[in-house]
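The next block holds one structure in the form of structure tokens; read it before the comments.
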Protein chains: 2
Amino acid sequence: MTRDLFVATGSAAAEAELVSEYLVRSNLCGVDSHGVIRLMEYVDQIEKGTLHPNVQPKVVSDRGATARLDARFGYGQVSTKVAMELAVSKARQLGTGTVTVTNGNHAGRMAEYPLIAAREDMIGITMVKAYGSIVAPWGARQRLLSTSPLSFAIPAKRNPPVVGDFATSASAEGKVRVRYARGEKIPLGWVLDADGRPSENPGDLYSGGALLTFGQHKGYALNLLMEAAGGALSGAGVLTEFSGLNGVLVQAIDIASFSDVDEFKGRIDYLVERARASSPSEGVDEVLIPGDPEARESALRTRDGIPIEEKTWNAIVRVAAKYGVRTPSS
Amino acid sequence: MTRDLFVATGSAAAEAELVSEYLVRSNLCGVDSHGVIRLMEYVDQIEKGTLHPNVQPKVVSDRGATARLDARFGYGQVSTKVAMELAVSKARQLGTGTVTVTNGNHAGRMAEYPLIAAREDMIGITMVKAYGSIVAPWGARQRLLSTSPLSFAIPAKRNPPVVGDFATSASAEGKVRVRYARGEKIPLGWVLDADGRPSENPGDLYSGGALLTFGQHKGYALNLLMEAAGGALSGAGVLTEFSGLNGVLVQAIDIASFSDVDEFKGRIDYLVERARASSPSEGVDEVLIPGDPEARESALRTRDGIPIEEKTWNAIVRVAAKYGVRTPSS
């Protein structure tokens, strides 16, 4: 159905399949904020002319282990996947590949792209300058930066890849919104109120407040690296002066260029298994590996189905009806 | 005097000058934990035969944009500098350069190396798997991981480079030690006690406790990336099964390969100047840029001198006397 909607709004079959697959997999992993809830947004952008279906990224320059792509306002999923595939092919030749993407739209759950590299026995990394000004520099009271995420995947032999995938803000905006809707408090350290005071009230974010960076000054420094790599290096631009919705840098590092691949992956297994075997701290059930929560949720939801709240479902049904696409309930 | 001591313990003039310069500059920046306090440790390692003066790193393999170095237990300052210079020269040719170092000793303040790249209009990054098992995986109560640091430098035009340089633990061990010696409390979130409970008592770290990762699960994920890049990829090894004191990956990304250099650096200026101009949050004097605290301390100490506590000074005098090196007070 998701795929049919993309076809109905102008995508060829392969593009519809890809975008659909990434959105649904995001829901499967429990990352609902990057799942089918985005359908309405994408259709809206297509209608406004800011998102162009069936547009392939263009290689603007290609030099040694690097290249620059112009996504030409096509689907971020398409341009970021092409970018990582190009990085992988450069890495196979030269040991590493680094590719930037400008004029890109929302690319969904970023972990998809480092995982492309991990499947090829490479370490994959993405640095993204995200849209929106909602995060305060460390020590500041005003919004200026974005929730710009860092993502990476490291392949193992017996274990699934180690997957880091996180915003450089202390919390995703979506999590604050959910607590706000439910009338719940948020932990101190997520949000400042309009007067620059730490707040437990999620509503303060929506009345002049700001998100904090994660890990205080360290997350702040990483956020600036995302601005520099995803924003300035890609040519997309920094802060609010930037084009598209995502400025992206992807990188693939070929393990074989540095180490025996089996030895490397065995070492990651050892690392992962030792960490997993640690005694949990007070109040914790078991020690997890980055990527575990998504993998477990995915197993559960593959079995039990993806829960979608009524409001989102109704919106999907409405937009599907508009494009003459049948939904399971219609 | 520092330089004379290195010469007396076997270094040629250039090596003595380099190691000495980096240690003293670390003190100038206020990073005393990586300054001349290390002299005794280095001399001790030379005496034990685990640190070899005058040993240049050997290129083990060289492929495209990548290379592997074996530091052969020479000074970490020497091998890491050579690694970054090689990465820079590869980046000039191919857009990026990525070089690992195994069998390396302590390399001092890591920011020195990304700054080599930044001076060449490149983004410099270092990922280090550090010695020692003192950090608990997120959710665990036991020590397993190291304080493995990430460091990077981004050049600007009118402003000094943006410099991120931090351990992936919530605090450096040295800071906990200082509070312990002074009988002060530490903030919650730095340390777990032996029973896996959050603790404000720095002494708990020294009776079976562990450091926490910074930024909870996000710093944990980054710590594993340091193990993978600095440890497994370099061939040094992960966790406690590793050779040398530092496993290192350095990377240089040539800005010119992606963007007009002036435009890029102008954008970093804009980013930095907008962040600096933000209104501070409650209790904060001014909004800083990563790298500012070190730059300011350096200006102060260049004027006023470097304060060294008596205990450290006496230890330096003793080791200098042993090697017949004159100290200012002798």
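Throughout, read-outs are computed from the coordinates displayed, never taken from laboratory work. Just so it is clear, the structure is predicted and the values come from calculations on it, not from any experiment. Cβ sites come from the backbone with ideal geometry, for glycine too, and all protein chains shown count toward neighbours.
Which links in A:Lys157/B:Lys129; A:Lys81/B:Lys90; A:Lys265/B:Lys90; A:Lys129/B:Lys90; B:Lys185/B:Lys322; A:Lys218/B:Lys157 stretch past 30 Å when you go from one Cα to the other?
With Cα atoms farther than 30 Å apart: B:Lys185/B:Lys322.
Taking neighbour Cβ counts within 10 Å as the exposure measure, how do B:Val250, B:Val19 sort from fewest upward?
B:Val19, B:Val250
So how far, in whole Å, is the C-alpha centre of region B:175-192 from the one of region B:102-130?
28
What residues of region B:1-26 lie in the reach of a label at B:Tyr323, counting those whose backbone N is under 13 Å from a point 7 Å from the Cα along Cα→Cβ?
B:1-21
Restricting to DSSP loop positions (anything but H, G, I, E, B) with no more than 13 other Cβ atoms inside 10 Å of their own Cβ, which trypsin sites (Lys or Arg not before Pro) remain in region A:276-330?
Within region A:276-330, the qualifying trypsin sites (Lys or Arg not before Pro) (loop, at most 13 other Cβ atoms within 10 Å) are A:Arg326.
Quick one: Kirkwood hydrodynamic radius for chain B, alpha-carbon pairs, angstrom, one decimal?
Answer for chain B: a Kirkwood hydrodynamic radius of 20.9 Å.
In a GNM of chain A with a 10 Å cut-off on Cα contacts, which of A:Ala320, A:Ala136, A:Ala277 has the highest mean-square fluctuation?
A:Ala277
Along the Cα-to-Cβ line of A:Asp269, 7 Å from the Cα, sits a label point; which residues in region A:150-169 have backbone N less than 18 Å from it?
Residues A:154-163 fall inside that zone.
So if we plug the beta-carbon distance of B:Ala194 and A:Arg301 into 1/(1 + (r/R0)^6) with R0 = 51 Å, what FRET efficiency do we get, rounded to 0.05?
0.85
Is the C-alpha gyration tensor of region B:219-330 telling us rounded, prolate or oblate? Criteria: a/c under 1.5 is rounded; beyond that, a/b larger than b/c is prolate, otherwise oblate.
Because a/c hits 1.5 or more and a/b fails to exceed b/c, region B:219-330 counts as oblate.
In whole Å, how far is the Cα centre of region B:231-306 from that of region A:16-47?
Comparing the Cα centres of region B:231-306 and region A:16-47, I get a distance of 35 Å.
Suppose R0 equals 25 Å; then what is the FRET efficiency for B:Met40 and B:Ala13 from their Cβ-Cβ distance, rounded to the nearest 0.05?
About 0.70, to the nearest 0.05.
How far is B:Ala321 from the same spot in each other copy, in nm, shortest first, if each label point sits 7 Å from Cα toward Cβ?
Computed spacing set for this position: 9.2 nm.
Just tell me the longest site-free run in chain A, where the sites are GluC sites (Glu not before Pro) in a DSSP loop having at most 13 other beta-carbon atoms within 10 Å.
Formally, the longest exposed-site-free interval is A:1-183.
Could I have the simple spin-label model distance between B:Thr240 and A:Asn54, label points 7 Å from Cα toward Cβ, reported in nm to one decimal?
Once both label points are built, they end up 6.3 nm from each other.
B:Gly215's amide H: which non-local residues (gap 5+, or another chain) put their own amide H closer than 5 Å, with H modeled 1.01 Å from N in plane and none for Pro or chain starts?
Here A:Gly215 satisfy the definition.
Which residue is it, in chain B, that holds its beta carbon closest to the axis of the B-onto-A rotation, and how many whole angstrom away?
Measuring from each Cβ to the axis, the minimum is at B:Gly215, 1.
Every other copy gets compared here: list the nm distances from the B:Ala194 label point (7 Å along Cα to Cβ) to its counterparts, shortest first, one decimal.
5.2
At a temperature of 25 °C and a viscosity of 0.890 mPa s, determine how fast region A:170-212 diffuses translationally according to Stokes-Einstein, using the Kirkwood radius over alpha-carbon pairs as Rh; express D in µm²/s, rounded to the nearest whole number.
253
Which trypsin sites (Lys or Arg not before Pro) from region A:129-207 combine a DSSP loop assignment with at most 13 other Cβ atoms within 10 Å?
A:Arg158, A:Lys185
Measuring from a point 7 Å out along Cα→Cβ, what nm distances, shortest first, does B:His52 have to its partners in the other copies?
Here B:His52 shows inter-copy label distances of 5.9 nm.
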